[in-house]
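Structure first, commentary second.
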């Protein structure tokens, strides 16, 4: 895992692929539902901690959601 991956995602890109893009949810419902789930997790974190407290957990989850979307867009261009 690179320093960027550690700081931005909290895991490697390969781990994101394995845990999110190759998940059962992704296979059965699509990447869109994976991203929706990640965004729901962010909402829960914000509700639990309050909107004034944006912490690294929320930022990392949002970065993972963006990465999943970008990977989907890349696959559609091929």
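Computed from the coordinates by the stated procedures, all read-outs in this text should not be read as laboratory data. Quick caveat: nothing in here was measured; it's all calculated off a predicted structure. With ideal geometry, Cβ positions are generated from the backbone for all residues, glycine too; neighbour counts draw on all protein chains shown.
At a glance:
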{"item": "Separation in nanometres of the label points that stand 7 Å from Cα toward Cβ, at residue 47 and residue 15", "result": "2.7"}
{"item": "With Cα atoms, 0 to 90° folded angle of helix 31-49 axis to the chain main axis", "result": "10"}
{"item": "Chain lengthening between residue 25 and residue 73 when straightened (0.36 nm per residue, less Cα-Cα)", "result": "15.5 nm"}
{"item": "On Cα atoms only, tilt of 56-77 relative to the major axis of the chain in degrees", "result": "20"}
{"item": "Residue-averaged [θ]222 nm for the chain, counting only DSSP H segments that reach four residues, each worth -39500 (n - 2.57)", "result": "-22500 deg cm²/dmol"}
{"item": "Identified option (computed semi-axes √(5λ) of the Cα gyration tensor in Å; candidates [x] 26, 13, 11; [y] 22, 16, 10; [z] 39, 9, 7)", "result": "[y]"}
{"item": "Relative contact order of the chain, pairs being alpha-carbon contacts under 8 Å that are 6 or more residues apart, as %", "result": "32"}
